[in-house]
Amino acid sequence: MEKIRESAGWESVFLRACESYENESISRVLNNIFEDIQFPVKNFSGKRVVIKPNLVRKMDIAAAGTTNPVVVEEVAKICIRLGAESVTIAESPAGVYTDSSIRASYRVGKMDLAAENSGANLNYDLSAKRLPSSGEDKNRTFNIITPIADADVVINICKLKTHNLTGISGAVKNFFGVIPGTEKLEMHALYPNLSDFSSMICDLCKTVCDRATVINVMDAVIAMEGNGPTNGKPKKLGFVGVSCDPFALDLVASAVIGMDELSSICDAARKKGYLTQTLDDINVVGDPYQNFICEDFVLPDSSDKNHSGITILSKVFGGKLMESLRPRPVINKDKCIGCGECMRSCPAKTIVIKNKVAYIKKADCIKCFCCQELCPKDAVKVKKNPILKLVNL
Ligand code: SF4
Ligand code: SF4
């Protein structure tokens, strides 16, 4: 298979309206998009295809925090029809990466049904391979789960969501799930600064894209608004997006939900030269993205909604001060049940449980919001710095 990066049109973004998760609707939309695609991804003959959904943590699919299984099922059917030697669904969710934890994630996320209905396999290989990074930052290698490291073709099926750390979770951020289990926490600890972390995520995404043919599919039929990636609310946007350029796909999606100025991922990708197109430059095929713009999409509590505070202060004081002013997590004691999930997921080890309630020692907090992501009771809230609040008035 010719590398798609060398093919005409690989940077295009394909969008199609899709009203529901009925198999027939998803199949029709995906098949239409694959017919539109001009570059050589139509023949998977003899290729090992790996589908990477977003199964961030065990969540009911109705919460819209995970990739809908029907999208995975229909993509898998297309890959099999196009001659793939094997199609495997693989993901390393947040938390530990063990046989029992991934089985539970597959079951709750209904990936077992997607596999059964399509003929795809589910990955149970817990090994990983260390690959050299495509980026130039201090982390020169990435430990990547073996099925992704060995794949000829990776179909990265993300869910469009807000994200309290990075602004948006789309195609690029979905690659964080190729890092095995709790090693993701080590990466957070290694990159406590938001722009460094976002830059690392872009390098990770680029590393996988440079190694395999990657096709990114965005499930935005029902997205997540508010406090994503796990504590937001479902919001119907009614489209599916596909692109071989994850950075372009994320920029278009960010514009749809009003986050294009607020995504640290898009910002880092632009600075690193991975996002080379402006929104106006991107060749959108199918339905125009303006058809899906959602004016009342609820942004995460951590975002500077009118952007004025961030802009003014960062111009005056630069990035270091902004890092110290970023919103931080606080525990809602009325909701906390003391389960300790946040404590186990804290890269800075700055959470303790006392009398069945979590407490954050804020001096050591790196504001990664892993505690919020993993809390099953939505008991971790975002507290804005009063200075930013003042500037935003
Ligand atoms: S994960 Fe949530 S409910 Fe559990 S201890 Fe932490 S804050 Fe409390
Ligand atoms: S308390 Fe929460 S936000 Fe702070 S370092 Fe720990 S997990 Fe990250």
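Scaled against 2.2 N^0.38 Å for its residue count N, the alpha carbon radius of gyration of the stretch 141-188 is 1.22. Taking every alpha-carbon pair under 8 Å whose residues sit at least 6 apart, the chain reaches a relative contact order of 18 percent. For the stretch 195-266 versus the stretch 42-87, the inter-centroid distance based on Cα atoms is 17 Å. Remark: the stretch 97-104, residue by residue, has Karplus-estimated 3J(HN,Hα) of 10, 10, 4, 5, 5, 6, 4, 5 Hz, where x stands for each Gly or Pro and the curve is 6.51 cos²θ - 1.76 cosθ + 1.60 at θ = phi - 60°. Amide H to amide H, with H built 1.01 Å from N, Ser134 comes under 5 Å of Thr207, counting only residues 5 or more places away or on other chains.
Per DSSP H run of n ≥ 4, the term is -39500 (n - 2.57); total these for the chain, divide by its residue number, and report the mean residue ellipticity at 222 nm rounded to 500 deg cm²/dmol. All intermediate terms of the calculation are to be shown ahead of the outcome.
Details: 14 runs with 129 residues, N = 393.
For the chain, the value works out to -9500 deg cm²/dmol.
Amide H contacts of Ile144 (H built 1.01 Å from N, in plane; Pro and chain starts excluded): Lys129, Arg130, Leu131 sit under 5 Å, all sequence-distant by 5 or more or on other chains. For Lys235, a cut-off of 14 angstrom between C-alpha atoms picks up these aspartates and glutamates, skipping any fewer than 8 places away in its own chain: Glu19, Asp219, Glu225, Glu295, Asp296.
Based on every Cα atom in the stretch 82-133, Rg and the maximum pairwise Cα distance Dmax equal 12.5, 36 Å. Dividing the Cα radius of gyration of the stretch 206-256 by 2.2 N^0.38 Å, with N the residue count, gives 1.28. So if we plug the beta-carbon distance of Asp210 and Ala17 into 1/(1 + (r/R0)^6) with R0 = 25 Å, what FRET efficiency do we get, rounded to 0.05? That gives a FRET efficiency of 0.15.
Over all pairs of different C-alpha atoms in the stretch 325-385, the reciprocal of the mean inverse distance, the Kirkwood hydrodynamic radius, equals 11.2 Å.
Choose one answer from Asp219, Asp250, Asp378: the residue with the largest mean-square fluctuation in a GNM of the chain with alpha-carbon springs under 10 Å. Checking each option, the largest mean-square fluctuation is seen for Asp378.
Each residue of the stretch 181-186 was assigned a 3J(HN,Hα) from its phi angle through the Karplus curve 6.51 cos²θ - 1.76 cosθ + 1.60 (θ = phi - 60°); the sequence is x, 6, 4, 4, 5, 4 Hz, with glycine and proline shown as x. For the peptides 256-264, 16-24, 51-59, the ranking by mean Cβ contacts within 10 Å, running from highest to lowest, is 51-59, 256-264, 16-24. In this structure, the amide hydrogen of Val284, modeled 1.01 Å from its nitrogen in the peptide plane, lies closer than 5 angstrom to those of Val13, counting only residues at least 5 positions away or on a different chain. Peptides 168-174, 362-368 ranked from most to least packed give 168-174, 362-368, packing being the mean of other C-beta atoms within 10 angstrom over each peptide's residues. Show log10 I(q)/I(0) for the stretch 20-106 at q = 0.13, 0.19, 0.22, 0.24 Å⁻¹, two decimals, from a solvent-free Debye sum over equal Cα scatterers. Cα-only, vacuum Debye calculation for the stretch 20-106: -0.50, -0.94, -1.11, -1.19. Each 10 Å bin from zero up to the one holding the largest Cα-Cα distance in the stretch 36-184 carries the following percent of pairs: 12, 41, 36, 11, 0.
R0 = 35 Å: FRET efficiency of Gln290 with Lys333, Cβ-based, nearest 0.05?
Using R0 = 35 Å, I get an efficiency of 0.20.
FRET efficiency for the pair Glu136 and Asp99, taken as 1/(1 + (r/R0)^6) with r the Cβ-Cβ distance and R0 = 30 Å, rounds to 0.25. Our summary gives the stretch 197-260 a relative contact order of 27 percent, counting only alpha carbon pairs under 8 angstrom and 6 or more residues apart. Remark on the stretch 123-220: Rg and Dmax equal 12.9, 34 Å (Cα only).
The 3J(HN,Hα) values that the Karplus relation (6.51, -1.76, 1.60; θ = phi - 60°) gives for the stretch 131-136 are, in residue order, 10, x, 6, 6, x, 10 Hz. Gly and Pro appear as x.
For the stretch 163-300, what is the charge dipole size about the Cα centre, in debye to the nearest 20, if Lys and Arg each add +1 at the Cβ and Asp and Glu each add -1 at the Cβ?
Values: 10 positive and 17 negative charges, 62 e Å.
Computed charge dipole of the stretch 163-300: roughly 300 debye.
At a 10 angstrom cut-off on C-beta neighbours, averaged per residue, how do the peptides 329-341, 79-91 rank from highest to lowest?
Numbers: 329-341: 15.5, 79-91: 20.2.
Top of the packing list down: 79-91, 329-341.
Taking the square roots of 5 times each eigenvalue of the Cα gyration tensor of the stretch 236-291, largest first, gives ellipsoid semi-axes of 19, 13, 9 Å. Calculate log10 I(q)/I(0) of the chain for q = 0.13 Å⁻¹, where I(q) comes from the Debye formula with a single equal point scatterer on each Cα and nothing for solvent. Result of the Debye calculation: -1.05.
Read-outs throughout are calculated quantities, based only on the coordinates presented, and are distinct from any laboratory measurement. Everything quoted here is computed from the prediction, not taken from an experiment. Positions of Cβ are generated from backbone atoms using ideal geometry, with glycine treated the same way; all protein chains shown enter the neighbour counts.
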